[in-house]
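First comes the structure, then the notes that go with it.
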Amino acid sequence: QVQVVESGGGSVQTGGSLRLSCEVSGYIGSRPCMGWFRQAPGKEREGVATIFTTSGLTFYADSVEGRFTISQGNAENTVYLQMNNLEPGDTAMYYCAAPKFGGGCTVNAGRLTSVGFWGQGTQVTVSS
């Protein structure tokens with residue numbers, strides 16, 4: 001019943017910017033946090049950023065801190081990932097994730113560890 005849909009990916013040159021969007025529907029009860037992940041071919045899935053929607057607290061991986069910003073839209077079902085000064089190392093499939101029902105929000109170095117639902121992903125490609 002829960003649906004998580006990402007959009008906004010594309011191809012950009014080094015130094016460019018993209019804004020990813022995530023729409024969540026069908027979530028039962030309050031959605032206290034949201035996370036963004038990415039995975040490049042042959043690499044492990046990496047936690048990028050997490051936001052606690054009630055408090056506004058944000059957490060980032062060291063590799064993106066200072067360049068990426070996670071935020072919540074005016075609608076409660078929307079979360080964004082603003083990506084600035086993109087680098088070739090940012091090339092990956094980006095996934096949005098919602099927490100498990102009643103599982104709370106646990107974060108480790110920017111990574112939401114209590115993921116219950118994943119989006120299908122949106123591709124980001126950065127070329128030099």
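The values are calculated or read from the model by the stated rules, or taken from the named source; none is laboratory data. Predicted, not measured: the structure shown is a model, and the values here were computed from it. Here Cβ is always computed from backbone atoms with ideal geometry, including for glycine, and neighbour counts include all displayed protein chains. With ligands, DNA and RNA removed, areas are computed over all heavy atoms of the protein, side chains included. Shrake-Rupley method; radii C 1.70, N 1.55, O 1.52, S 1.80 Å.
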* Looking at (1) over 16 Å from R45 (Cα atoms); (2) modelled with pLDDT under 90, which is the only condition V79 fails? -> (2)
* Top-ranked residue in segment 27-43 [being among the aromatic types (F, W, Y) and under 13 Å from A61 (Cβ atoms); ranked as nearest to the chain's Cα centre (by Cα)] -> W36
* Structure fact -> Of the residues in segment 107-128 that are β-branched (V, I, T) and more than 12 Å from T58 (Cα to Cα), the one that is most open to solvent (accessible area, probe 1.4 Å) is T113
* **Unique residue being open to solvent by less than 70 Å² (accessible area, probe 1.4 Å) and in contact with a Leu (Cβ under 6 Å, 6 or more places away or on another chain) when the list is G35, G56, G47** => G35
* Out of Q72, Q1, report the one residue that is surrounded by 15 or more Cβ atoms within 10 Å (Cβ to Cβ) and without any contact (Cβ under 8 Å) to a residue 40 or more places away in the chain. => Q72
